[in-house]
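The values are calculated or read from the model by the stated rules, or taken from the named source; none is laboratory data. This structure is a prediction, so every number in the text was calculated from the model and none was measured. In this analysis, Cβ positions are derived from the backbone assuming ideal geometry, glycine residues included, and neighbour counts consider all displayed protein chains.
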Amino acid sequence: MPLEIVRNDITKMKVDAIVNAANRSLLGGGGVDGAIHRAAGAGLLAECRTLGGCKTGEAKITGGYNLPAKHVIHTVGPIYEDGKHGEKALLESCYRKSLTLAKEQGCETVAFPLISSGVYGYPKDQALKVAIDVISGFLLEHEMTVYIVIFDKAAYRISEKLFTDIAEYIDDNYVNEHTDYRRESIRMRAPRQASIGSFEADFCECKEMSVEDDLDIRIKQIDESFSQMLLRKIDEKGITDAQCYKKANIDRKLFSKIRSDIHYKPSKPTAIAFAISLELSLEETEDMLRKAGFALSRSNKFDIIIEYFISRGNYNIFEINEALFAFDQSLLGA
Ligand code: APR
């Protein structure tokens, strides 16, 4: 999965580069800066002394020394005042400059802390949004695996409103296993109608098509595999394969496996990630899931959160992952 939000201590991450939320002196400090210097040892400070400091929004790279990471990219985030002093642009620059440095260094895996969201006071949810927006934009153009490392759960929250909204939606829809079974079996039968219905929607503009041709296409589509439906939908949406799998936060290798094997059965999160990437309706999503051998279930919070976003037409996979993470669910993507 090209972008992952993980809970960890960044000094433990075995990646090509970890990013340090440093200060302009680059001579160490508290927070993640202090943790990285302690774990890396004296060699890191000695190299930092040779760098001559770093401007806010800029980034510089050193070795990793005793860290499991090969490199440390030191960047200096803005001190948050009120959001009206160019803080967002400087924070975006921290991520952009760090990613560019990592790319130039040939790094394939990079881990970021939430820059400026500690001592420098940047509101955590806004800091996370900036990180996700800049990193996901970079990943549309470059092959790299990037981790956003959240140190402590308390330090991580999606906006209160969104959290409450989703929690209410789960309460309204979440049912325990046995009462859901009957609904599940009805839903399993119903989607066939719904999927024919969606075929209806797909072909309503082809008025002149004969009944036989129309039926023939419908039968073919009911029997098509997950992979065939995925490729058909990519064509129908007029997007490229790369646009589809990058938006789904799926790596290229997994996509080519699915593309080359019409009987490939993806995991449920992967199937859903593609449905989100293609911005399918709930019926089409259930149809695609069924072709991979799954169904959305009301006794599964992950599924209900997915349903929450699709029913609101919000297909931003990174926002969906933020919400899944906040509710301790696995994330979308490979
Ligand atoms: N691993 C991952 N994240 C961590 C770790 C860790 N070991 N320790 C702290 N964090 C998180 C914090 O929870 C926060 O969300 O890193 C984020 C950034 O917090 P700070 O380290 O305080 O960095 P910042 O807000 O950018 O302030 C930078 O603090 O430490 C000093 O020298 C540093 O002056 C600079 C200022």
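Filtered by the rule that a residue be away from the ligand (no atom under 16 Å from the Cβ) and either closer than 17 Å to residue 24 by Cα or out of contact with any strand residue (DSSP E or B) (no Cβ under 8 Å at 6 or more places or on another chain) (or both), segment 101-118 gives 103, 104, 106.
Take residue 25 and decide whether it is more than 9 Å from the ligand (Cβ to nearest atom) and either hydroxyl-bearing (Ser, Thr, Tyr) or in contact (Cβ under 8 Å) with a residue 60 or more places away in the chain (or both). Even if it seems obvious, please write down each step before you answer.
On the way: more than 9 Å from the ligand (Cβ to nearest atom): no; either hydroxyl-bearing (Ser, Thr, Tyr) or in contact (Cβ under 8 Å) with a residue 60 or more places away in the chain (or both): yes.
Answer is no for this residue.
On inspection, residue 111 fails the criterion of being farther than 17 Å from residue 5 by Cβ and not charged (D, E, K, R). What residue, among those in segment 56-91 that are small (Gly, Ala, Ser) and within 17 Å of residue 26 (Cα to Cα), is nearest to the ligand (Cβ to nearest atom)? Top of the filtered list is 77. Listed by first and then second residue, the pairs with beta-carbon distance under 6 Å, at least 6 apart or on different chains, first residue in segment 253-274 and outside any helix (DSSP H, G or I), second surrounded by 15 or more Cβ atoms within 10 Å (Cβ to Cβ), are 262/225; 262/227; 262/228; 263/225; 264/227; 264/258; 265/292; 266/292.
So for segment 59-78 (the condition being closer than 19 Å to residue 7 by Cβ, among the hydrophobic types (A, V, I, L, M, F, W, C) and in a loop (DSSP other than H, G, I, E, B)), does at least one residue qualify? Walk me through it before giving the result.
At the first step, the residues of segment 59-78 found to be closer than 19 Å to residue 7 by Cβ are 67-69.
Next cut, among the hydrophobic types (A, V, I, L, M, F, W, C) only: 67, 69.
From the residues that got through so far, the ones that are in a loop (DSSP other than H, G, I, E, B) too are 67, 69.
Yes: one or more hits.
In segment 127-148, the residue that is nearest to the ligand (Cβ to nearest atom) out of those that are closer than 20 Å to residue 80 by Cβ and buried (at least 18 other Cβ atoms within 10 Å of the Cβ) is 127. May I ask you to verify whether residue 77 is surrounded by fewer than 21 Cβ atoms within 10 Å (Cβ to Cβ) and either under 25 Å from the mean Cα position of the chain (by Cα) or among the small types (Gly, Ala, Ser) (or both)? So residue 77 does not fit the description; no. Restricting 260, 299 to those that are at pLDDT below 90, surrounded by fewer than 20 Cβ atoms within 10 Å (Cβ to Cβ) and either of a type in the set (Gly, Ala, Ser) or touching a Gly at 6+ places or on another chain (Cβ under 8 Å) (or both) reduces the list to 299.
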